[in-house]
Amino acid sequence: MTSFSFLLFLASLALYMLAAAAYLVFFFKEQTEVRQKARQLFMTAFTVQALGFAARYCTGGYTPIATVHETLSFFAWGLGCCYLTLCWRFSVKNLGVFVSLLVLLLMLGAALASRDLILPSPTLQSVWLPIHASLSLLAYSFLALAGIGGLMYLLQERTIKRKQFGLLYSRLPSLEALDKLNHHSLSVGFALLTLGMITGSLWAKQAHGAYWSWNPTETWALASWLLYAGLFHQRFTVGWRGRRAAWFSLVALALAIFTFWGVAVLFAGYHGQF
Amino acid sequence: MANSETIALIGVNHKTAPLELRERLAFHEGYEPPLASLSGLEELKEYYLLSTCNRVEMVFVCTDTAKARSALLTALFAPGISEDELAPHLYQYAGKEAVEHLFRVAASLDSMVVGEAQILGQLKTAYRAAAQAKGTRLILNRLLHKAFSVAKRVRTETRIGASAVSISYAAVELGRKIFGDLTGKKALLIGAGEMAELAAEHLLTHGVSSVTVANRTLERAVALARRFHGQAVGLAEVPEQLGQVDVIISSTGAPDLILRKEEVRGVMRGRRNRPLFFIDIAVPRDLDPAINELDNVYLYDIDDLQGVVDLNKADREREAVKAERIIAEEVLKFERWLENLETTPTIRQLQAQVEAMVRLETAKTANRLNLHSEADQAALDRMAQALANRLLANPLCYLKADTRRIGLQERIHLVRSVFALDEIAETRPEESPVASGAGPERGKA
């Protein structure tokens, strides 16, 4: 059964790879048929990966968002999820290339990590654990999308400011579209991040008897939450946007990712046991 | 002799003269004053002036090009700019080359942005002014009308204007990359130049919701604003207006900067950092280049916009080859018309045509009369020849008469159109008895 879920994982990895390749071809050649193919491949990969999670859930008997392999894989899946939901709402030219490349990177990371099933110890087991984990990872996915929007914004802004109308200028969407993407993903991501923090604290109360104990993970999480809160606040009150917001969302994303995967490596914490 | 009249063209454009010089040459007060200053010049039989932001050109008909040229330059630009100062930047064409150059300009092959459509409108305005000032007569009227139709032919038969490139096009293209969609955006024109006007029109057709006009003289601003159903403001209100608008096109003739970085920085907080897109098409510049360093503010001048337009250059250059062929064709046709304006070919053509008509009719009658003797036939022929001569006597006398009252070329033109000589020459050149021999006799009669 383990091998079955892993097979599904590998299949989705291969499909993501093909999708990324197709998106890259579209990026350079700009043929509409290629983009359709790329989107189909991406959606198939997304579905196959979801089936993989289901299979792993059946095998392990717990929600498979615990090990590094699982969280990276779920992060990638969440990013795909955000991207696909955004596609419905508004189209951002060539966003697919960037998203599919990042998804592929995360999947490769997941493939390299140990894929053993580790049942969380009974003290940590709670109904809040899967809720906290999935909410936080989905929040990261949206924030990563905001980061991608920011990165594309910075690239496009550079071509327009420096008046270099090369490859990127015609292929990247308008600044307005990218800023909107950044704004939208940030709003959703920040809300989810807040919920993730709350559920995490509820889980901590159940597992350890205290809502907040200032361990490294919590401290860093609070720092990145504050950073996002600051960005969110500035955007809504003084109308921060454009280059500054784009840089800020990239920095905040780096901090958030460090909180989750970096702190676990550097310090010991709950998340360290993964 | 009146017959050695030639068409000459002198001018400067973006390739031969720096912006600064073009700016000094341009007729800022419209065409009336310079045209009026030319009206007294004996050297110029006909004249016409064109002034756009990329070129200043003068076309004239004269007998002595060198004399006419210096008379014209003195009348127009002295004492501000001397002929010697101008000389290294001037190009000069005569005869066929002048015609070709004018056609190329009209067809937008000589434009800074090949294929842009604005030039034709500018040419028409210039022609209207020259015609009203009675500067253009037979030759230039014909030449300019021909230029318009050449431009139209090039536009319909080649795809040179397909991507409709011009400063305005580039402005819209860039605006889309910044704002995503121009719908509902507001534009501000600083200065009411023609280029700005065209760009504003273009922006309006792409969804911009309002155009505000700021100008030194409020009257002009009001007039222009009314055209766009917009609002007119004074130059002093510009910084205040920056809070509301999104696209700013500046084209004043002011010698100094009219908007500095600090003033723009000041409005950004008030507009919650919504982007501002400045286009500076003024020479010298109106806007501080440092404005571009501000976040969410984008500043482009004419040269920068050029970069946007260069993107689809290769395509247009292919089409330009086709256009050149059309122009070569039309130049030939015009040359033929011009040559026919000489007396000798006209007389020969006229004689041949009338004789041919008479001969045709007598031949028909002769068949019906059933003439037997050669003498009868000869008598009939003589009568036909006499008829032809009598018919031709007055027109030929009219053509040859040395009268100052009506110019030779007008007379030739009149006779040619009464006898429909051009229609015959143009539609059936091989049948026209003199068309082939009419060529090389220019200037001989």
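Do we find a residue being within 14 Å of chain B (Cβ to nearest Cβ), open to solvent by 30 Å² or more (accessible area, probe 1.4 Å) and at pLDDT below 90 anywhere in segment A:92-115? Among the residues of segment A:92-115, at least one is within 14 Å of chain B (Cβ to nearest Cβ), open to solvent by 30 Å² or more (accessible area, probe 1.4 Å) and at pLDDT below 90, which makes the answer yes.
The lone criterion from (1) within 14 Å of chain B (Cβ to nearest Cβ); (2) crowded, with 23+ Cβ neighbours inside 10 Å left unmet by A:His184 is number (2). A Cβ distance below 9 Å, combined with a sequence gap of six or more or placement on separate chains, defines the contacts here; from segment B:376-398, residues that are open to solvent by less than 50 Å² (accessible area, probe 1.4 Å) reach residues that are basic (Lys, Arg) and assigned to a helix (DSSP H, G or I) in the pairs B:Ala384/B:Arg359; B:Ala388/B:Arg359.
Please go through segment B:337-360 and pick out each residue that is among the charged types (D, E, K, R), touching a Gly at 6+ places or on another chain (Cβ under 8 Å) and in a helix (DSSP H, G or I). Across segment B:337-360, the qualifying residues are B:Glu339, B:Arg348.
B:Asp181 fulfils the conditions (1) within 14 Å of another protein chain (Cβ to nearest Cβ); (2) open to solvent by 50 Å² or more (accessible area, probe 1.4 Å); (3) modelled with pLDDT of 90 or more except for a single criterion, (3).
Say whether the condition of being more than 11 Å from every other protein chain (Cβ to nearest Cβ), modelled with pLDDT of 90 or more, in a loop (DSSP other than H, G, I, E, B) and open to solvent by less than 10 Å² (accessible area, probe 1.4 Å) is met by at least one residue in segment B:229-243. Yes - at least one qualifying residue is present in segment B:229-243. With respect to the stated conditions, B:Ile406 is out of contact with any Cys (no Cβ under 9 Å at 6 or more places or on another chain) and outside any helix (DSSP H, G or I).
In segment A:141-243, counting only helices (runs of 4 or more DSSP H) that sit wholly within it, the ones holding 3 or more residues that are of a type in the set (D, E, K, R) span A:175-208. Exactly one residue out of A:Phe236, A:Phe232 is in contact (Cβ under 8 Å) with a residue 12 or more places away in the chain and among the hydrophobic types (A, V, I, L, M, F, W, C): that is A:Phe232. Yes or no: segment B:32-45 includes at least one residue that is acidic (Asp, Glu), part of a loop (DSSP other than H, G, I, E, B) and touching an Asp or Glu at 6+ places or on another chain (Cβ under 8 Å). Yes. Looking across A:Tyr153, A:Tyr169, one residue alone is within 28 Å of A:Trp261 (Cβ to Cβ), within 14 Å of chain B (Cβ to nearest Cβ) and in contact with a helix residue (DSSP H, G or I) (Cβ under 6 Å, 6 or more places away or on another chain). It is A:Tyr153. When you look at A:Ala146, is it away from every other protein chain (no Cβ under 14 Å) and open to solvent by less than 30 Å² (accessible area, probe 1.4 Å), yes or no? Judged against the criteria, A:Ala146 is a match.
The values are calculated or read from the model by the stated rules, or taken from the named source; none is laboratory data. Bear in mind that the values here come from a model prediction, so they are computed numbers and not experimental data. Neighbour counts run over all protein chains shown; Cβ positions are idealised from the backbone, glycine included. Heavy atoms of the whole protein, side chains included, go into the accessibility calculation; ligands, DNA and RNA do not. Shrake-Rupley method; radii C 1.70, N 1.55, O 1.52, S 1.80 Å.
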